[in-house]
Every structure is written in structure tokens, then in C-alpha cells.
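Structure first, commentary second.
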Amino acid sequence: MKSFLTLSLLAVSAAVADERQPEFYLREEIPMPEGEVLELGSIAIMPDKKVAVSSRRGDIWVCEGAYDADLSKVKWTLFARGLHEPLGMFYKDGSLFTTSRPEITKMTDTDGDGRADLFKTVTQYWGIDGNYHEYNFGSDPDKDGNVWVVQCLTGSGGASDKSPWRGWCFRYGLDGKVIPTCPGIRSPGGIGFNQAGDAFYTDNQGLWNGSSSLKWLKPGGFMGNPTGNVYAPILNLKEPPNPTTGSRMVTESDKDPRIIPPAVILPHGKVGQSPTAVIYDSAEGKFGPFKGQVLVGEQTHSQVQRVYLEKVKGLYQGAVWKFLEDFRCGVIPARMGEDATLFVGGSNRGWAARGGKNFTFERVRWTGKKPFEMHEMHVKKDGFVITFTEPVDKASASDPKSYKAAAWTYIYQKGYGSPEVDPATPVVEKATVSSDGKSVYLKVSGRVRGHVHHFNLEKVKSSKGDSLWHPDVYYTLNEIPD
């Protein structure tokens with residue numbers, strides 16, 4: 001068993017580096033406090049260009065110099081110790097707040113020595129029983145001041161009577177207010193907001209999850225896994241949906257609109273396999289041409305993916321591309337800091353992850369060179385519009401043969417995961433390039449509602465003859481416009 005595990009770790013760590021990435025984005029490691037094990041669970045941006053990080057082992061450290069050119073001079077200060085696996089942290093009004101296994105905690109340095117000396121429990125509404133898999137991921141405050149918390153099932157698949165509200169999302173006010181929000185969660189890896197302020201989380205492949213995905217936490221919606229339904233009677237809540245196993249998500253959602261299909265499915269193995277952080281590019285174009293788009297962390301493949309979202313008939317859906325990779329460990333938290341600096345942290349937590357290290361703290365900055373990429377992907381009544389960061393070569397982009405397409409879905413079932421099923425082959429019948437060369441209208445037949453639609457654009461070139469940095473896109477088609 002030991003030799004098998006060793007071989008597995010080596011296989012996952014031996015990822016081929018993205019040789020083109022340094023042209024566009026500079027990734028740098030930030031030195032950690034000497035002798036400390038900082039398996040990062042969350043990152044918070046503080047005033048005066050300080051950056052706070054939490055360790056899954058319960059430590060909070062504050063880093064100075066994380067934005068500087070010479071990273072060898074960073075200074076670390078221990079702010080707090082003894083928390084229980086914090087997976088969510090933010091700074092507000094002079095205090096740091098963390099979401100950990102047992103509670104949301106407010107930590108304040110009242111005497112100015114750089115270390116917290118006042119700890120206040122904001123809420124401890126949910127339960128824990130010591131199971132290693134009872135993770136809680138907490139957001140920043142929303143526009144109403146509430147912290148959204150997604151609570152993993154016990155053991156990633158159970159609902160213990162000792163641990164109420166496993167498999168639920170609640171909103172918690174910093175004044176102690178409690179708002180039950182969404183049942184149906186299985187095993188979250190992160191939570192955050194899009195530019196519009198709507199909450200999303202990542203759920204991992206497993207029971208009732210055919211593949212990992214990015215899900216919209218629509219208040220009153222059901223996220224897909226019925227295990228946590230047993231807690232609804234505690235507050236006399238209406239019984240959540242009870243889906244039919246072996247069905248399809250779109251079929252069950254049509255029966256009961258409270259079932260909210262994944263906004264973007266992240267095809268297992270093709271686009272990572274353990275999604276985590278959810279943030280959006282808030283750098284207003286200073287981090288490259290993707291401002292406002294959602295960035296999703298990935299633990300096993302040590303990556304950050306890029307997502308474009310749109311709303312169709314009241315539901316979110318959209319496209320995902322691979323984006324940044326070659327991080328030294330599995331990415332768990334991510335945070336856009338000042339100066340358009342993306343901070344990521346990681347841990348393998350005993351799981352295999354690419355990169356070769358057990359934990360890491362890194363930053364990424366745009367070099368200023370714009371990559372030739374697909375920018376956005378919009379669904380239309382009879383096809384899709386794909387926009388680009390640079391004008392395309394009209395000869396290659398107007399040829400329907402330049403677009404390879406496939407589609408599939410997953411079984412919606414109580415068993416673990418799903419193979420790709422119900423394959424379809426969409427056909428690009430016509431490709432029309434816009435006058436400025438920065439978008440292509442694809443007339444596509446054979447699309448299937450509820451399917452992931454994969455397009456490969458390796459044959460599409462820019463007007464300068466460049467190939468796409470990432471030629472594959474995966475669009476989750478929940479709804480088709482009228």
C-alpha cells in the first residue's frame with residue numbers, strides 16, 4: 001500500500017509545465033515562516049499592504065512585503081494560534097474574522113502588538129462531531145453584511161444527528177442572525193461571489209454529483225444532494241426536493257424548479273478534479289483581459305480555472321477554460337489583492353497534488369502581454385457566439401471544420417460520481433466572423449439541453465498567426481434562449 005501511494009503521488013506531481021504561461025503571467029513563490037507548516041486554508045487582504053493567511057492547523061499569520069519586488073525580505077508575524085481548521089477569512093473594521101469547524105470567530109489586536117488578544121464567537125449555530133470531513137467554508141460579508149457558510153456532509157456522505165446542518169448553506173449576520181439558505185450540498189471546496197454579488201460554491205464529484213461543478217447558491221434553491229434534508233424539520237422548513245436516482249439533473253429540475261442545476265460543470269479529469277476557491281477578477285483590467293470573470297481554484301491539478309457566466313431564463317450557465325497552472329501545491333484559497341496581484345495558497349493535506357510541495361503561498365501578476373484567447377462564450381437560439389481577446393484570422397475562423405465539437409451529460413444518482421453518458425455530436429454548420437474580427441457566430445445543430453458542450457479551436461488562428469493559448473472550452477447548457 002505504501003509503495004502504491006508513493007507511485008501515485010509521483011505520477012500526479014510529474015505534470016508537464018505550461019511553457020507559454022510565463023509570457024503572460026508571472027508566478028512567484030512567497031517564502032514561508034521558517035520551521036512552520038502553513039497548509040493554507042484562507043487568505044485575507046489587510047490595510048498597509050499586509051496579507052493574512054490561515055493554516056488548516058489553526059494558525060493565523062500576517063505577511064508584510066508580499067507585494068514587494070524582493071520577496072526574500074518578507075516579514076511574518078504570528079497573529080493567532082489554536083483555531084480549528086479555518087477555511088474562510090476576511091478583514092473588517094480592525095478585526096480578522098474566520099470561519100472554522102466550530103464557529104465564526106472575530107479576532108482583534110487591542111493593544112497593537114501584532115497579535116490577537118480578544119476573541120469573540122460570532123456564531124456557533126451548526127454542529128460538529130469530530131469527523132475529519134466536516135469542513136466549513138465561509139465567504140466575505142455580502143452586500144447585506146451576511147457571511148455565507150457551506151457545510152460539508154459528515155464523512156462527505158452522511159448526516160449525523162450530532163452535527164446538525166451538515167449539507168446546508170446558511171447566511172450568518174455578524175450580529176448573530178441566522179438565515180437558512182440552501183440545502184443539497186455534498187462536499188464543498190470553496191465559496192465566493194461573482195461580480196454581480198451572487199454567491200457560488202464549488203462542489204466535488206461524489207454522491208449525487210456526477211462531476212465537480214460551480215454551483216449558484218440561489219436562496220431557497222436545492223443544490224442536488226438530499227442527504228441533509230433530514231434537518232429541515234428542526235426549523236419547520238418545507239421539505240426539500242427528493243430527486244429520483246438514476247435520472248438526469250435537467251429532468252429533475254424540470255419536475256421541481258427548486259433544484260438548481262450546476263452553473264458550470266467542470267468535467268472530471270479534463271478540467272481538474274477537486275475545485276476549491278471562488279473569486280472574481282476585480283482588478284479592472286490590470287490582471288489581463290478577463291476583468292469581472294470568475295476564477296476557480298483546483299487542488300489536485302494545482303491550477304486556477306477561468307469561468308464566464310451568463311443568465312438564461314433565470315438560471316446561471318456558462319463556459320470554463322483552463323487558465324493558470326504550475327503552482328507548487330494544490331490550490332485551496334485564492335484572493336485578488338492590491339496592485340492586481342493574485343495570491344493563492346495550497347496544501348495537499350495528505351492527498352496527491354501536482355507541484356511537488358506539501359504546502360505553498362504564491363502570487364501571480366500579469367506581464368502586460370495579452371494572450372490570444374477565447375474571451376467570452378454566449379449561447380444563442382441556434383448556436384453560440386465566441387469572442388476573442390485579439391482579432392482572428394478570418395480564413396481559419398470562418399471555416400466550420402476549424403471547430404471540433406462533442407457533448408455529454410452525467411447520471412444524477414445517489415452513487416458516487418458518473419461516467420460521461422448520453423453522448424451527442426453537435427455540428428457547426430456555419431461560422432460567421434464579425435467585421436472587427438473579435439467574435440465568431442457559430443450556427444450549431446444537435447445541441448442538447450443539460451449537456452456539457454466541448455469545443456476545440458486548435459485550427460483557429462489570430463490575425464497575426466498565433467494559436468490559442470487554451471483551445472478547449474466547455475459550456476454547460478442549462479437553458480436555450482427562445
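Residues of region 439-468 that are outside any strand (DSSP E or B) and touching a strand residue (DSSP E or B) at 6+ places or on another chain (Cβ under 9 Å): GLY446, ARG447, VAL448, GLY450, HIS451, LEU457, GLU458, LYS459, VAL460, SER463, LEU468. Scanning region 187-203 for residues that are surrounded by fewer than 23 Cβ atoms within 10 Å (Cβ to Cβ), in a loop (DSSP other than H, G, I, E, B) and not acidic (Asp, Glu) returns ASN194, GLN195, ALA196, GLY197. Flag: ARG171 matches the condition of being under 29 Å from ARG306 (Cβ atoms), basic (Lys, Arg), in the same structural domain as GLY314 (by TED's automatic domain parsing) and in contact with a Phe, Trp or Tyr (Cβ under 7 Å, 6 or more places away or on another chain). All conditions in (1) surrounded by 22 or more Cβ atoms within 10 Å (Cβ to Cβ); (2) among the small types (Gly, Ala, Ser); (3) not assigned by TED's automatic domain parsing to the domain that holds ASP18 hold for ALA395, with the sole exception of (1). Only one entry of LEU78, LEU83 meets the criterion of being in contact with a Gly (Cβ under 9 Å, 6 or more places away or on another chain), over 19 Å from MET336 (Cβ atoms) and buried (at least 22 other Cβ atoms within 10 Å of the Cβ), and that entry is LEU83.
Of all residues in region 230-243 being more than 26 Å from TYR474 (Cβ to Cβ) and in contact (Cβ under 8 Å) with a residue 60 or more places away in the chain, which is surrounded by the fewest Cβ atoms within 10 Å (Cβ to Cβ)? Within region 230-243, the match that is surrounded by the fewest Cβ atoms within 10 Å (Cβ to Cβ) is ILE234.
Reported count of residues in region 31-75, each being surrounded by fewer than 22 Cβ atoms within 10 Å (Cβ to Cβ), hydroxyl-bearing (Ser, Thr, Tyr) and not in a loop (DSSP other than H, G, I, E, B), is 1. For GLU362, the conditions (1) more than 20 Å from GLN305 (Cα to Cα); (2) touching an Asp or Glu at 6+ places or on another chain (Cβ under 9 Å) are fulfilled apart from (1).
For (1) modelled with pLDDT of 95 or more; (2) under 28 Å from LYS380 (Cα atoms); (3) in a strand (DSSP E or B), each residue gets a yes or a no:
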| site | (1), (2), (3) |
| --- | --- |
| PRO240 | yes, no, no |
| THR244 | yes, no, no |
| VAL250 | yes, yes, no |
| PRO267 | yes, yes, no |
| GLN305 | yes, yes, yes |
| GLY318 | yes, yes, yes |
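Residues considered: LYS255, LYS218. Of these, the only one that is at pLDDT 95 or above and either touching a Leu at 6+ places or on another chain (Cβ under 9 Å) or not basic (Lys, Arg) (or both) is LYS218. Only residues that are in a strand (DSSP E or B) and either basic (Lys, Arg) or in contact with a Gly (Cβ under 6 Å, 6 or more places away or on another chain) (or both) were counted in region 320-329, giving 1. For GLY350, state whether it is touching a residue at least 60 places away in the same chain (Cβ under 8 Å) and part of a loop (DSSP other than H, G, I, E, B). Spelling it out, it is not the case that GLY350 is touching a residue at least 60 places away in the same chain (Cβ under 8 Å) and part of a loop (DSSP other than H, G, I, E, B).
Those strands (runs of 3 or more DSSP E) of region 382-424 in which 3 or more residues are free of Cβ contacts under 8 Å to residues at least 60 places away in the same chain occupy 404-410, 420-424.
Applying the set (1) assigned to a strand (DSSP E or B); (2) surrounded by 14 or more Cβ atoms within 10 Å (Cβ to Cβ) to LYS120 leaves exactly one unmet item: (2).
Check whether at least one residue in region 416-429 is touching a helix residue (DSSP H, G or I) at 6+ places or on another chain (Cβ under 7 Å) and either polar (S, T, N, Q) or in the same structural domain as ASN225 (by TED's automatic domain parsing) (or both), and report yes or no. Within region 416-429, not a single residue is touching a helix residue (DSSP H, G or I) at 6+ places or on another chain (Cβ under 7 Å) and either polar (S, T, N, Q) or in the same structural domain as ASN225 (by TED's automatic domain parsing) (or both). Would you confirm, using the coordinates I've provided, whether ARG101 is among the charged types (D, E, K, R), under 22 Å from the mean Cα position of the chain (by Cα) and under 18 Å from PRO333 (Cβ atoms)? When the stated conditions are applied, ARG101 passes them. For region 410-426, the criterion of a residue being within 21 Å of GLU376 (Cα to Cα), modelled with pLDDT of 95 or more and touching a strand residue (DSSP E or B) at 6+ places or on another chain (Cβ under 8 Å) is satisfied by at least one position.
In region 233-240, the condition of being in contact with a strand residue (DSSP E or B) (Cβ under 7 Å, 6 or more places away or on another chain) and either of a type in the set (Asp, Glu) or within 27 Å of GLN305 (Cβ to Cβ) (or both) is met by no residue. Across region 252-265, which residue is surrounded by the fewest Cβ atoms within 10 Å (Cβ to Cβ) among those that are part of a loop (DSSP other than H, G, I, E, B) and touching a residue at least 40 places away in the same chain (Cβ under 8 Å)? Restricting to residues being part of a loop (DSSP other than H, G, I, E, B) and touching a residue at least 40 places away in the same chain (Cβ under 8 Å), the top hit is ILE260.
The values are calculated or read from the model by the stated rules, or taken from the named source; none is laboratory data. Nothing here was measured: the structure is a model prediction, and the numbers come from that model. Cβ atoms come from the backbone with ideal geometry, glycine included; neighbour counts cover every protein chain shown.
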